[in-house]
1. Which pairs turn up if I take residues in region 39-65 that are touching a residue at least 40 places away in the same chain (Cβ under 8 Å) and closer than 17 Å to L250 by Cβ and look for partners that are part of a helix (DSSP H, G or I) and of a type in the set (A, V, I, L, M, F, W, C) with beta carbon separation below 6 Å, at least 6 apart in sequence or on another chain?
2. Restricting attention to region 86-110, which residues are β-branched (V, I, T) and either open to solvent by 40 Å² or more (accessible area, probe 1.4 Å) or closer than 17 Å to A429 by Cα (or both)?
3. Only one of V296, V328 is free of Cβ contacts under 8 Å to residues at least 12 places away in the same chain and either part of a helix (DSSP H, G or I) or open to solvent by 50 Å² or more (accessible area, probe 1.4 Å) (or both); which?
4. Any residue that is assigned to a loop (DSSP other than H, G, I, E, B) and buried (at least 18 other Cβ atoms within 10 Å of the Cβ) - is there at least one of those in region 122-134?
5. Of all residues in region 165-220, which are open to solvent by 30 Å² or more (accessible area, probe 1.4 Å) and of a type in the set (K, R)?
6. What number of residues in region 135-158 are open to solvent by 40 Å² or more (accessible area, probe 1.4 Å) and within 25 Å of I106 (Cα to Cα)?
7. Need at least 3 residues that are open to solvent by 30 Å² or more (accessible area, probe 1.4 Å) per element, so show me which helices (runs of 4 or more DSSP H) inside region 356-425 make the cut, counting only ones lying wholly within it.
8. Restricting the search to region 492-507, which residues are out of contact with any Cys (no Cβ under 6 Å at 6 or more places or on another chain), crowded, with 19+ Cβ neighbours inside 10 Å and closer than 19 Å to A208 by Cβ?
Amino acid sequence: MANKITKITKTLIRHRSQTLLTDPETFCPAQAQEKQRAKPYSQVPGPKAIPILGNTWRLMPIVGQYDISDMARVSLLLYQDYGKIVKLSNLVGRPDLLFLYDADEIEKIYRQEGPTPFRPSMPCLVKYKSDVRKDFFGVEAGVVGVHGEPWRIFRTKVQKPILQLRTVKKYIEPIEAVTEDFIQRMLEMRDSNQEMPHDFDNEIHKWALECIGRVSLDTRLGCLDANLPTDSEPQKIINAAKYALRNIALLELRFPFWRYFPTTIWTNYVKNMDYFIEICTKYIDEAMARLKTKEVKDEKDLSLVERILASEPNPKTATILALDLILVGIDTISMAVCSILYQIATRPDQQQKLYEELRRVMPDPREPLDSNKLEEMVFLKAFVKEVFRVYSTVIGNGRTLQEDMILLGYKVPKGVQVVFPTVVTGNMAEYVSEADQFYPERWMKGGDENFKLHPFASLPYGYGARMCLGRRFADLEIQVLLAKLIRTYKLEFNHKPLEYKVSFMYAPDGELRFKMTKRKD
């Protein structure tokens, strides 16, 4: 009997020891105390919902309190009215949005996420890929609008050639060639005042598409042809991608009737996506056909599609990656460039600093660029980062919580969509010294010694496993364009200041009539 009692006692002790090691609340009393003190989710401050319409009415046209095209301002208003954590609840047809303005808490969420973080984005694209065009995408749905294990498997297949810095550097020469052609087009399209046309932002979209086609498919699409008709296939690709991306906010934040029956905006969305896939697939198929007979003389002649095919036998993987790069890349890179060029044109002192750096790095403007020259352009990179901090092209990132969390003293349940409004946190004095001052030097070596800059306050490309897959190519294309343009030409904007608004991205709203004049040297 004694032996039996001893055995039971040892079992209980062993079980208790295992519990101490596996139960975080027992192992870490501080966490248990934090959980006990935490207030219920229902007490998180935010706009009050009304019966039936909830808070969705606030985003409706005319009667609504918030303008979807001005979500950057809405993000700031929510912070000013309610503080560092704001709940926009009772949105018809979608989970709550929890706006979080605390960089430490944002860091906590990022660092605790697992290998398949869930980024709440584009449910309309999810429906299109998984339902409407399941016949085309199947299990190879890509990286945009895809979540969980399917996203992880696909990203693992394609991320190496896109994120390897040494691979990205091999595309400096082809991107420079496209950019030189674009600058020549800029010279041709100047009016009598040496200014760009009223639709110059569309010309930037053409440059972006031409870069993507050259890098991903080893193809010149002809976007920079001076006689390109308005109904050309490249222009239709741009128009279709713009429509698909710029109507996402309307589909997501207003009444989601499209989930239940084909509304006009949903029907047009599907039509544009279908056309986008049809035309892009034609170019991708042509590129793949050329690959079979292509003679590669240098590794830099390989396109991203070729690099994917070298390790992935299924050509569908390369096709869908190319589609995702084109769909998202056109508008994101273009609108970022619109913002950067507007800021450099309206800040003559900063432009002069950049010019002096470029003149030092490239005494002869006709010299080709290389990775060493780009590495020396520290002010150029700092200027771009400062534009992204103050005027974050992506107004916010976010995560759908995969488990319950304590955030700023509130119990936030699994499934809530947390928004990180980087356009606000990047401008908060609590996290950035002299946040109201445009000062690129804060990003340069030694700048962090004089300036406070929280690493999670400004994250235009996101963070962690779901960081923007094409960020290295985006940075490279922006750097090459700025270097080639500002080294030889002065850019001015002699018109009424433009306001920033959100289409798909946050960018100047209006005609970019830049004056472009050749420098004397």
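The values are calculated or read from the model by the stated rules, or taken from the named source; none is laboratory data. Quick caveat: nothing in here was measured; it's all calculated off a predicted structure. So basically every Cβ, Gly included, is an ideal-geometry build from the backbone, and we count neighbours across all protein chains shown. Accessible surface areas use protein heavy atoms only, side chains included; no ligands, DNA or RNA. Shrake-Rupley method; radii C 1.70, N 1.55, O 1.52, S 1.80 Å.
1. That search, which allows pairs on different chains as well, returns L59/I68; L59/L253.
2. V92, I106
3. When all the criteria are applied, what remains is V296.
4. Yes, region 122-134 has at least one match.
5. Result: R166, K169, K170, R185, R190, R214, R220.
6. Quick first cut of region 135-158, residues open to solvent by 40 Å² or more (accessible area, probe 1.4 Å) only: 135, 138-139, 149-150, 152-153, 156-157.
Next, only the ones that are within 25 Å of I106 (Cα to Cα) stay: 149, 152.
The total comes to 2.
7. Those helices (runs of 4 or more DSSP H) span 371-376, 378-390.
8. Within region 492-507, V502, F504, M505, Y506 qualify.
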